[in-house]
Amino acid sequence: MEVGRIVKIAGPLVVASNMQNAKIYDVVRVSEKKLMGEVIEMRGDEASIQVYEETGGLGVGEPVYLTGQPLSVELGPGLIESIYDGIQRPLDEIRLKVGDLITRGIAIPGLSRVKRWNFNPAVQVGDSVVEGDILGIVDETVLVVHRIMVPPRINGKVKMIERKECLVTDTIAVIETENGREEEISMLTKWPVRRPRPYKEKLAPDEPLSTGQRVIDAFFPISKGGTACIPGPFGSGKTVVQHQLAKWADAQIVVYVGCGERGNEMTDVLIEFPKLKDPHSGEPLMKRTVLIANTSNMPVAAREASVYTGITIAEYYRDMGYSVALMADSTSRWAEAMREMSGRLEEMPGEEGYPAYLGTRIAEFYERAGKFVCLGSDGKIGALSVVGAVSPPGGDLSDPVVQATLRVVKVFWGLEDKLAYKRHFPAISWLNSYSLYIPNLTDYLETNYGREWLDNINRAMAILQEEAELEEIVRLVGLDVLSPDARLIMETAKSIREDFLHQNAFDEIDTYSSFEKMVKLMELIMHFHDLAEDALNNNVSILDIASLPIREDIARAKFIPENKEDEFEKLKESVTKSFQELKEKVLVET
Amino acid sequence: MIKEYNTIKEVAGPLMLVEQVEGAKYEELVEIELPDGELRNGRVLEVNRDQVLIQLFEGVTGVNVFNTKVRFKSKGMELDVSKDILGRVFDGQGRPIDKGPKIIPEKRLDINSSPINPYARNYPSEFIQTGFSTIDGLNTLVRGQKLPIFSGSGLPHAKMAAQIVRQAKVRGTGEEFAVVFAAMGITFEEALYFIQDFQKTGAIERTVLFVNLASDPAIERITTPRLALTAAEYLAFEMDMHVLVILTDMTNYCEALREVSAARQEVPGRRGYPGYLYTDLASIYERAGRIREKKGSITQIPILTMPEDDKTHPIADLTGYITEGQIVLSRAMHRRGIYPPVDVLQSLSRLKDKGIGEGKTREDHADVFNQLFAAYARGLEARELEVILGEAALSDMDRIFYKFAGSFEKRYIAQDESEDRDIEFTLDLGWELMSVLPTVELKRIRPEFMEKYLPGFKEKVGANS
């Protein structure tokens, strides 16, 4: 075996000589401690290596072992419910092996080599199969049927396939390819993380990804297969929004990448997800989730790799025809890891010290999202939605990472600290955010929720925008100068903000809001508004309208449990009755 | 056999370049002998073929390129620990400076400990009562949390930190707790203030101090917090103690880091701070927490003075991105004589939700703090309006909130330096202050709690209908 020699160590960067047979992005093992690293640059026979573990104690002259393989993830049954670090080492196994702290040089495969799975064939001997076809299935969890696919670039006839209880590494089928080679297929496949997995065709997005968060689903929806970013200063609730999406998004598989963030946040997910029930299936959320946790104090190079590890796993489930959602929190930490490596390589910096290729890397990453016709002859449709949090310094949106991200993503949920200070959560600004998917989704929304819903949200948005303008006036000359109509706009806007947009992630009921409930809630608020307009025209005073006790019930309507739509109807009737009484009172007085 | 080199090529800033070195290790500790026999310590920053870049802790004054000797100690920096470190004072390199006896080490620990496996962590959820209403009621601190104080020069952060040390307790437990105090580049008076306060209250017996004063070598500030946290980890995870770590002042720490980075001619990030400042700060802050099946815990209160009170300054900004919330002190409140001058709206404890409620504080806690925040925010808006337009321009409702904001600051936020409020007092005070608001406006409170806790609720409802 060829052995290189270390000539330089600077933080996570190690340079080794005698590396003429290494390839860019090959994995190497550094020193006798066998620290994992990746070749990122070659000059003559010298290779620059980013090391995924701490490099303290390494010295010049120590060996570097080549593996000849690119950085890859292991794919197969057992991914769901796992928690990995940035280079797909299972953190639970690491704890069993070395204790509470992550020491160096630990090598544990991503998928268990001892766990047995029941493989059920879906094809028979003699069948012709192409890449991406489903060979058989494994019940991975109660929620996920794992489809074992013919690996990319293999086409031919099934020569052997058997139902059995086996390890991921056991042969479950043999395929005789067109050129007469026999390929042994096991449930385990490997895929290099930096290369997108192949697909047949990319489709336009046309279906919303329901997230259970009213401000998102109503005003700034993301499609299945869409991309979104959440920039915001610290304390504005990026992570809570990401957690909420991971919990309630109606995706079949969720991959959550904690990239350079807090350790306790990952622990929170780990403790909470097995307890929370998926609103669609009633099973624990963990049964559809893969976690990748490379916290801020874990090695910086592995942080760089973590988003790739995550998206490759997500693509693998997409290839099975699932709707997958990936949350990356936070992409800024990933960009910073790139910056750190770039600095150590002494590259010429671009903006703010970030490497000049920052934009390209970000664009490449988000382009791996989409709605796809997957490989295979059965025309499976899979979708991969990607939501990335961005943490710009000081919340400044001119930050290069934000700007590079906004150039590629279609949805922008701008978090505002001003809203967070008022404890308006989710602190997504309704004035600055946008979703470019709305035109694609209109047909779907109209068919499923009716024209009235689209009208209502358009009107609601107009009211909110009008409020922002009126607020300027109020700030200058006071509320009294406003006309009754304008006062009503202010009142309704307040109701939309507080009773609809504001959503408590920590309330058992309010944390998730189905499309159906959301539609009813908006209907109720707009119903009040319509009747109030009518009442104003009938000489009812705005103060009487504003102090109607029924408004308290509207404010509490968001706490009505799911599937109790008749309660909303009852409330609507009460609203109608309240206004009738008001109008009658005015008639009597005049 | 330790090899000795006298092949120094360059000395610049806090750095020294040595040539023709064999077998030097990255991050290894080195000893430097000056021509007059003085010994100094350093650390390997980079190894490039036979050249080694060394960072000197005590500066380069008096170092000669030709007559200075360098010895590589083939180990990283370590701290000697045993239970006897309690009550002792160390310098920024972990050497006792209180004239006490040498520590007989039970263990020698690497000061850069390995990261805690997120899978091994236990989620912080035990309420720590600090006796401050603004913290307990609104920005609840829990065991294992890292909650910094964002202060400015001249603000009473030291007074607050000392009061927290005095009053902090987890109720209903008699568990052992300890304080680890790391001073980085603070003045002698400031350090003395803490030490005297600890002595007065007897806390000194349970305290380990690591002191690097403003006059001490700046580069030592890089190791000071790491030594302190190594001591804290030993006490927490091996001695089963609950440790409160105070790190002051993180701004000085970051400046020392910048000094080294500038000397190495690295590509600077914002404001000249190195691009890896986030990662570096994380390696300090993330050492707080709890570990499953371990009794002890580490709670961190780092203090930093924001240059120009600017929260977007890289030090405050990156800290906020790593820590679990922040207590922001406001100069405007301080000027109005409010102690503690906590800017309630900008402060936040991210872990409060798991540390409050029935069985921890009280069932109504979440609703009360949500409502207090919302009402105070509205009161401040009204105050803004009043500044521009005068009180006459306020609507009746605005006037109620305007008054509420005033009494909230005077009675809820402000308290005496010796006043140790328990959580029931804080919550009841919140209810009392809210009782001036109309019940229609108490949208964030569940009706059953209003009935139970709101003073005069029955009469109010009667009056409304």
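Below, the figures for the structure above:
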{"quantity": "Overall form of region B:79-354 per C-alpha gyration tensor (a/c, 1.5; a/b vs b/c)", "calculated": "rounded"}
{"quantity": "Chain A, helix-only ellipticity at 222 nm - DSSP H runs n ≥ 4, -39,500 (n - 2.57), divided by all residues, nearest 500", "calculated": "-10500 deg cm²/dmol"}
{"quantity": "Residue order for B:MET239, B:MET250 - accessible surface, 1.4 angstrom probe, largest first", "calculated": "B:MET239, B:MET250"}
{"quantity": "Rel. contact order, % - alpha carbon contacts under 8 angstrom, at least six apart, region A:3-70", "calculated": "42"}
{"quantity": "Scattering profile of region A:450-589 at q = 0.16 Å⁻¹ [log10 I(q)/I(0), Debye over alpha-carbon scatterers]", "calculated": "-0.88"}
{"quantity": "Approximate spin-label separation B:GLU419-A:TYR434, in nm, with each point projected 7 Å along Cα-to-Cβ", "calculated": "5.0"}
{"quantity": "Net charge dipole size for region A:489-550 [Lys, Arg +1 and Asp, Glu -1 on Cβ; Debye, nearest 20]", "calculated": "100"}
{"quantity": "D (Stokes-Einstein, µm²/s), Kirkwood Cα radius, region B:3-76, 1.002 mPa s at 20 °C", "calculated": "183"}
{"quantity": "Residue-averaged 222 nm ellipticity for chain B, from DSSP H runs of 4+ at -39500 (n - 2.57), nearest 500", "calculated": "-9500 deg cm²/dmol"}
{"quantity": "For region A:372-420, the spread of Cα positions along each principal axis, largest first, Å", "calculated": "51, 23, 13"}
{"quantity": "Label zone at A:GLU346 (point 7 Å along Cα-to-Cβ), backbone N below 19 Å, region A:1-15", "calculated": "A:6-15"}
{"quantity": "Three-way shape label, the protein assembly as shown, alpha-carbon gyration tensor, a/c 1.5", "calculated": "oblate"}
{"quantity": "Probe 1.4 Å - accessible area at B:VAL328, Å² to nearest ten", "calculated": "10"}
{"quantity": "Only Lys, Arg (+1) and Asp, Glu (-1) charged, at Cβ; chain A dipole about Cα centre in debye", "calculated": "1800"}
{"quantity": "Partner lysines for B:LYS102 [C-alpha distance under 18 Å; skip if fewer than 8 residues away on the same chain]", "calculated": "B:LYS83"}
{"quantity": "Residues of type lysines that B:LYS9 reaches as a straight line, Cα spacing below 28 Å, ignoring anything fewer than 8 places off in the same chain", "calculated": "A:LYS8, B:LYS25, B:LYS69, B:LYS73, B:LYS75"}
{"quantity": "Rough spin-label spacing in nm, given labels placed 7 Å along Cα→Cβ, for A:ALA462 and A:ASN120", "calculated": "5.4"}
{"quantity": "Computed over chain B, the ratio Rg/Rh where both radii use C-alpha atoms and Rh is Kirkwood", "calculated": "1.05"}
{"quantity": "Heavy-atom accessible area order for B:SER283, A:SER128, largest first, 1.4 Å probe", "calculated": "A:SER128, B:SER283"}
{"quantity": "With all protein chains modelled, accessible area of A:THR189 [1.4 Å, Å²]", "calculated": "30"}
{"quantity": "Probe 1.4 Å - accessible area at B:MET16, Å² to nearest ten", "calculated": "0"}
{"quantity": "Cα long-axis angle, helix A:331-344 against chain A (0 to 90 degrees, to the nearest 10)", "calculated": "40"}
{"quantity": "Rounded, prolate or oblate (a/c below 1.5 giving rounded, otherwise prolate when a/b exceeds b/c) for region A:347-455 by Cα gyration tensor", "calculated": "oblate"}
{"quantity": "Using a Förster distance of 30 Å, the FRET efficiency for A:THR103-B:GLU176 (Cβ separation, nearest 0.05)", "calculated": "0.60"}
{"quantity": "Exceeding the 29 Å Cα-Cα cut-off - candidates A:LYS520/B:LYS354; A:LYS275/A:LYS564; A:LYS287/A:LYS371; A:LYS157/A:LYS190; A:LYS277/B:LYS352; B:LYS295/B:LYS352", "calculated": "A:LYS520/B:LYS354"}
{"quantity": "Quotient of Cα Rg and 2.2 N^0.38 Å for region A:201-436, N being how many residues it contains", "calculated": "0.97"}
{"quantity": "Loop-located trypsin sites (Lys or Arg not before Pro) in region B:309-408 whose Cβ has at most 14 other Cβ within 10 Å (DSSP)", "calculated": "B:ARG336"}
{"quantity": "Pairwise Lys count, region B:365-464 - Cα closer than 20 Å, eight or more residues apart or different chains", "calculated": "6"}
{"quantity": "Furthest towards positive pole of dipole, B:PHE66, B:GLY23, B:PRO35, structure part region B:3-76, Cβ charges", "calculated": "B:GLY23"}
{"quantity": "Mean separation of Cα contacts under 8 Å, 6 or more apart, over the residue count of region A:450-589: relative contact order %", "calculated": "28"}
{"quantity": "Sequence of B:ASP364, B:ASP216 when ordered by accessible area, the most exposed leading, probe 1.4 angstrom", "calculated": "B:ASP216, B:ASP364"}
{"quantity": "Eligible aspartates and glutamates near A:LYS34 by straight Cα distance, threshold 14 Å, same-chain separation 8 or greater", "calculated": "A:GLU53, A:GLU54, A:GLU62"}
{"quantity": "Longest site-free stretch - chain A; sites: GluC sites (Glu not before Pro), DSSP loop, at most 14 other Cβ within 10 Å", "calculated": "A:179-345"}
{"quantity": "Percentage, to the nearest whole number, of Cα pairs in chain A over 31 Å apart", "calculated": "56"}
{"quantity": "Cubic angstrom per residue, convex hull over Cα atoms of region B:92-189", "calculated": "191"}
{"quantity": "Separation of the A:LYS33 and B:LEU34 label points, Cα + 7 Å toward Cβ, nm", "calculated": "3.3"}
{"quantity": "Angstrom value of the Kirkwood radius, inverse mean 1/r, which spans all Cα pairs in region A:91-175", "calculated": "14.9"}
{"quantity": "Net charge dipole size for chain B [Lys, Arg +1 and Asp, Glu -1 on Cβ; Debye, nearest 20]", "calculated": "600"}
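The values are calculated or read from the model by the stated rules, or taken from the named source; none is laboratory data. These numbers come from a predicted model, not from an experiment. Glycine also receives a Cβ, built like all others from the backbone with ideal geometry; neighbour counts cover every protein chain displayed. The protein model used for the area step is the full one, side chains on, heavy atoms only, and it has no ligands, DNA or RNA in it. Shrake-Rupley method; radii C 1.70, N 1.55, O 1.52, S 1.80 Å.
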